[in-house]
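Here's the structure we're looking at; comments come further down.
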Amino acid sequence: MTKSKAAFGIAIAVLAAVVALVLFLVLILTVLAGNQQEEQASSCTVTASDTKDGAGNAVVDVPNGWGPLVEDAAKEAGIPSSVAAAQLKTESNWNPKAGSPAGARGLAQFMPKTWEQYGNGGDITDPEDAIAAYGRYMKDLKSEVAPLAKGDADQLVRLTLAAYNAGPGAVHSAKGVPPYAETQNYIKKILDTGQSEFSANCAAPDGAKAWDGDLGPGEWTMPLPGGKFTSGYGGRNVPGLPQWAQNHVGVDISTGGGAPVIAPTDLTVVGTLSNDHCVTAKMTGKPHFQFAFCHLRSLDHKKGDTLKRGDRIGVEGGFMGGNPNGAADHLHFEIYKPNCGSGKNGGMNTPYDGCNLDPEPILKEKGAWPK
């Protein structure tokens, strides 16, 4: 073999080794990304409105000075103005001339027959006419599904939105929100937008509150200071996770690793789960939620320990399924209804016991959501 051929062979071998190393690193990063959940949340962008109503009160901050129209429509319908604003934005993105292939038109995307009934002879492309008609239509839908809500204000808003999207017949057939992904996503998008863009101080509007009882006095501390939201509550499709784990019953927050996890409010530890390094604790004050802090690097507390707001619970980690490095470092945080399931008599709630609540709107309302 000549020297030139030998040098060429060595170069090819080195190149192959480099390519193999790059592919290996890509594979590792993909696995880590699969374990560390997705879905970045939008931060709260509520701004003060300069528009006032007749009594001098600030109205919902929407484009083109239409805030008073939205407020009037929301009052007519009996729903929060933040929800009305979010729904109109979702339907048309504030374009009065918006249309769809199905024939829907205007700010509220009325179908022709529905407009005949609620438009009162107005112009479907006129914001004043369209927004007022939207309020009248939502009022009737709300009345039609009200018996199914059984006095629950939050459920009533969800059912009214479901009726707008899927029709009141579908709501009555399902005896609740229909099991359609489109309708469920529609409701979630509107409630999320209502809270993050159109509500005062990021307070959860009716329909978006995971808990309709008293949250108790005072604000909470973020359970992972400096962390960023990485995965939300509910169904998802994360590569590399088993099917049961795709039903995410909490939220994930991460700083990238090694940050302290702290008590958002005064707590008493009710138990631990060694498989995923979870500490489960119950609020000392009302409404006595139970929290779970999971994937910690170590279990530093035991049942009966009491913690004050701001006390350290542990350190965010990736302990999952008995593996200290089963996932990228993060905090998986859960909230359970008080006096529900296995935690009813001071026991420890566990995932999928039917008592889980979405932590995001609760943390936002208590001022403890990642910025």
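Miscellaneous remarks
- Identity of the residue in segment 340-360, over 27 Å from residue 240 (Cα atoms) and at pLDDT below 90, that ends up least open to solvent (accessible area, probe 1.4 Å): 346
Here is a yes/no grid of residues against (1) modelled with pLDDT of 95 or more; (2) open to solvent by less than 30 Å² (accessible area, probe 1.4 Å); (3) out of contact with any Gly (no Cβ under 6 Å at 6 or more places or on another chain); (4) of a type in the set (Phe, Trp, Tyr):
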site	(1), (2), (3), (4)
82	no, yes, no, no
92	yes, yes, yes, no
99	yes, no, yes, no
117	yes, no, yes, no
144	yes, no, yes, no
172	yes, no, yes, no
188	no, no, yes, no
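- Answer from 279, 270, 315 - the residue that is closer than 13 Å to residue 346 by Cα, in contact with a Gly (Cβ under 7 Å, 6 or more places away or on another chain) and in a strand (DSSP E or B): 270
- Candidate set: segment 233-262, residues that are open to solvent by 60 Å² or more (accessible area, probe 1.4 Å) and in a strand (DSSP E or B); chosen: the one nearest to residue 296 (Cα to Cα): 260
- Of the candidates 193, 183, the single residue that is among the hydroxyl-bearing types (Ser, Thr, Tyr), assigned to a helix (DSSP H, G or I) and open to solvent by less than 10 Å² (accessible area, probe 1.4 Å) is 183.
- Residue 161 crowded, with 21+ Cβ neighbours inside 10 Å and out of contact with any Cys (no Cβ under 8 Å at 6 or more places or on another chain): yes
- The residue that is nearest to the chain's Cα centre (by Cα), counting only those in segment 121-169 that are assigned to a helix (DSSP H, G or I) and acidic (Asp, Glu), is 154.
- Residue 285, sole failed condition from (1) open to solvent by 20 Å² or more (accessible area, probe 1.4 Å); (2) closer than 16 Å to residue 319 by Cα: (2)
- Among (1) in contact with a Phe, Trp or Tyr (Cβ under 6 Å, 6 or more places away or on another chain); (2) closer than 20 Å to residue 317 by Cβ; (3) open to solvent by 10 Å² or more (accessible area, probe 1.4 Å), the one test that residue 265 misses: (2)
- The residues in segment 93-106 that are under 21 Å from residue 185 (Cβ atoms) and either touching a residue at least 60 places away in the same chain (Cβ under 8 Å) or touching a helix residue (DSSP H, G or I) at 6+ places or on another chain (Cβ under 9 Å) (or both) can be counted, and the count is 3.
The values are calculated or read from the model by the stated rules, or taken from the named source; none is laboratory data. It should be emphasised that the depicted structure is a prediction, and the values quoted were computed from it without experimental measurement. FYI the Cβ positions are ideal-geometry reconstructions off the backbone, even for glycines, and counts take in every protein chain you see. Just the protein is used for accessible areas: all its heavy atoms, side chains included, with ligands, DNA and RNA removed. Shrake-Rupley method; radii C 1.70, N 1.55, O 1.52, S 1.80 Å.
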